[in-house]
Amino acid sequence: MKLIIAPQVKALGIDVCTAIVRNASISNKSATLEKIKKEITDKILAFDIPNNRILGEYRSLYDRAGLKGCKPPAEHLIALIKKNGRLPNINTVVDCYNLISAETFLSLGAHDAAYIKGDIIFKMTDGSEKYTPLGENKPVEVSAGEYACMDEEKILCRMDIKQCDETKITKETKEFIIYVQGNKITESDYLQKTLRRVCDLIKEICGGDCSILMDGSN
């Protein structure tokens, strides 16, 4: 499996780094992770969302794709923390990458490798793609001119807003890819450090091993 970033996506300033995680033990909740979440969410409560340049550039990407008003995933998570005083609990892998997303302002995602067909490619949509949003059981239409994370047969994540239902992470997941997606405001080194951080946190909480996927865009 390779990571491929199409030239049109690169031209938008989008950069991605990806790893594959194997043999992790995923559970509903972890006391150790809940303690780490509490420590980091206390810091997140002081974040200035409206003036953050990274979040602002994600919003600009959505606006240019005709999705004006959409919030970046990190902004949505930070808003939930500010409203409820805590990060929602999904499972130990999802909670790990949601926490790091909120802390770094970057968009992170993970997909069960058992349901990925072929390579992972970030490219522009033409409107014909298959996409079933997380939590739904029917495909929905996607407009041409958006960017998406795809495999050979479907959209894995529409822009960086919402992933598909087929590849969601569950307690039965044995192998998954995880990625960090930046924009023209973010440095490549920042993305790499964030990827290592989320992989280290997942290994601390869930065990397993992590390998970086090569960027096949060149």
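Read the figures in this text as sums done on the coordinates, not as results from a lab. All of these numbers come straight from a predicted model, not from anything done at the bench. Cβ sites come from the backbone with ideal geometry, for glycine too, and all protein chains shown count toward neighbours.
Amide H to amide H distances under 5 Å link F105 with no residue, where only residues 5 or more positions off or on other chains count and H is placed in the peptide plane. Estimated from helical segments only, the mean residue ellipticity of the chain at 222 nm is -11000 deg cm²/dmol, where each DSSP H run of four or more residues counts as -39500 (n - 2.57). Coupling constants for the range 180-192 follow from the phi torsions by the Karplus curve (6.51 cos²θ - 1.76 cosθ + 1.60, θ = phi - 60°), and in residue order they are 10, 10, x, 9, 5, 7, 9, 7, 4, 5, 5, 5, 5 Hz; glycine and proline get x. Beyond 19 Å between alpha-carbons counts as too far, so tell me which of K29/K71; K2/K154; K35/K203 fall in that bin. From K29/K71; K2/K154; K35/K203, over 19 Å: K29/K71. Annotation: aspartates and glutamates with alpha-carbon distance below 14 angstrom to K37 (same-chain offsets under eight excluded): D95, E103, E204.
Dipole magnitude for the range 86-218: about 300 debye, using +1 per Lys or Arg Cβ and -1 per Asp or Glu Cβ, origin at the Cα centre.
Annotation: amide H of E175 within the under-5 Å range of A113, A114, sequence separation 5 or more or interchain, hydrogens built in the peptide plane.
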